[in-house]
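S.K.: Quick one: the structure is below, and I'll ask about it shortly.
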Amino acid sequence: MPPLRGPTSGGWGRLRPLNVDPLEVYGLPSKGETRLSDFKTQERYYGKIVERYLEFCTDASTRDGLLERFASLDLGDKTKASSWRAGAGSGGPTSAPRGTSSSSSSTASGPTAGATVVVVPTPASIEALAAASRDLTMVLAALRKLREAIVATGRADDFATQVYLFCIRLAILAKHPQSYHPAILHLLRSIHRRRPLNSAELHEVAAYRVLDAACRRSDLAEAYHLRCLYKLRNSTVDAALRALAHDDWVALQRLIGGGSSGGSSNRGVCADGHQVKLLEYAVHDMRVHTLKTFGRAYLRLEDVDFLQASTGLGWTELQKQYSVGWELDGKAVVIRKMQAKAPAPAEAATAAS
């Protein structure tokens, strides 16, 4: 009688072993996962997360490629942009979706006035960006599992601080407030009280929280309150709050890195990459305010280059992203057309007689 061939008979099993990604082995502790309650398991899992992130950075090979990979991630809040139609007979903002493209989106170094780099995507580049986006999404999801495990176990040591700092920095670069905002709050409100951060770490995280309140949530009152609460002395934060309070687009543009004109009040102030990502949340509203200012102040602008330099976008991008209803007449921009006045009734009757 031939021997039975069952699932336990060496390599003759009918079920093939599953190729499970190491970052997807564990579930969310909030959904009942208990294997991440062990401290050693948490540390090994964090090592796998860092290893995957380093592979993500290595595959980019260049700084511009890495920035493009972060920009391709589509996880952040999708807000509605207030497009601005200021043609003849229209002057109010209307609600329209905000458009982004590889040729018009600003990198961490800020927008370049009037300069547009046209990138023609290929199937290979599109697939590479999609794969990179999936990898980064998986890393952020794994960090959420690890953060939930740290909260569930009440861990507050050097390892917990390291995990939260890594998560905050990565999520800010990816512009994913659903990850960095709760991490900032837990780090400052819970872990810092039990295991105090050093001065550099506290200064860094507090600056992120202030900039997030001012730029992303547009709450200047809370931002000033938080700056006083943490006794924060940061030139970038001070310059950003001053620019937002005074609707100073030139100062904000200089902080991000895209402006070189204007006064010298903020000269020498330079934000790092993480702070720039937070400052970029305020760019859209400030640019809309600048366009409205042009619409109220000018009937005709003789040089379109001045408009492009002032807004940090080219004419095509202004029409595409903000639906500007102005007309281009050669190098001049026609903002509002003056209509000829109709003759008065008395003058018309005299002319008829």
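S.K.: Assuming R0 = 25 Å, can you tell me the calculated FRET efficiency for the pair Leu229 and His289, based on Cβ-Cβ distance, to the nearest 0.05?
M.R.: Between Leu229 and His289 the formula returns 0.30.
S.K.: Can I ask one more? State, as an integer percentage, the relative contact order of the range 298-338 based on alpha-carbon contacts under 8 Å between residues 6 or more apart.
M.R.: Working: 38 pairs, mean separation 23.8, N = 41.
Contact order relative to length: 58 percent.
S.K.: At 7 Å along the Cα-to-beta-carbon direction for both Leu185 and His246, put a label point, then send me their distance in nm to one decimal.
M.R.: According to this spin-label approximation, the distance is 3.3 nm.
S.K.: Once you list every other residue whose beta carbon is under 13 Å from the beta carbon of Ile184, what net charge do they have if Lys and Arg are +1 and Asp and Glu are -1?
M.R.: Values: positive: Arg147, Arg169, Arg189, Arg209, Arg216, Arg217; negative: Glu201, Glu204, Asp212.
Surrounding charge for Ile184 is +3.
S.K.: Shifting gears a bit: Mind listing the phi-derived Karplus ³J(HN,Hα) values for the range 40-52, rounded to whole Hz, using 6.51, -1.76 and 1.60 with θ = phi - 60°, and x for any glycine or proline?
M.R.: So the J values, rounded to whole Hz, are 5, 5, 4, 5, 5, 5, 5, x, 5, 5, 5, 4, 5.
S.K.: Which lysines have a Cα less than 23 Å from the Cα of Lys175, not counting those fewer than 8 places away in the same chain?
M.R.: Lys48, Lys78, Lys80, Lys145, Lys277, Lys320
S.K.: Sticking with this one: Residue by residue through the range 306-323, which ³J(HN,Hα) values in whole Hz follow from phi under the Karplus form 6.51 cos²θ - 1.76 cosθ + 1.60 (θ = phi - 60°), with glycine and proline marked x?
M.R.: Coupling constants for the range 306-323: 5, 5, 5, 5, 6, 9, x, 9, x, 4, 5, 5, 5, 6, 6, 8, 10, 6 Hz.
S.K.: Only counting other Cβ atoms within 10 Å, I'd like Cys228, Cys167 sorted with the fewest neighbours first.
M.R.: Fewest to most other Cβ atoms nearby, the residues stand as Cys228, Cys167.
S.K.: Could I ask something else about it? How would you rank Thr311, Thr34, Thr290, Thr137, going from fewest to most other Cβ atoms within 10 Å of each one's own Cβ? Walk me through the numbers before you get to the answer.
M.R.: Values: Thr311 24, Thr34 11, Thr290 19, Thr137 15.
Ranked by crowding around the Cβ, least crowded first: Thr34, Thr137, Thr290, Thr311.
S.K.: Just to be sure I understand the model, the point goes 7 Å from the Cα along the line to the Cβ. What's the resulting Val25 to Leu299 distance in nm?
M.R.: Rounded to a tenth, the inter-label distance reads 7.4 nm.
S.K.: Over all directions, how big on average is the projection of the convex hull of the alpha-carbon atoms in the range 298-338, in square nanometres?
M.R.: Values: hull surface 10.8 nm².
Averaging across all directions leaves 2.7 nm² for the Cα convex hull.
Values quoted throughout were computed directly from the atomic coordinates according to the rules given, and no laboratory measurement underlies them. Treat the numbers as computed from the prediction; the structure is a model and nothing was measured. So basically every Cβ, Gly included, is an ideal-geometry build from the backbone, and we count neighbours across all protein chains shown.
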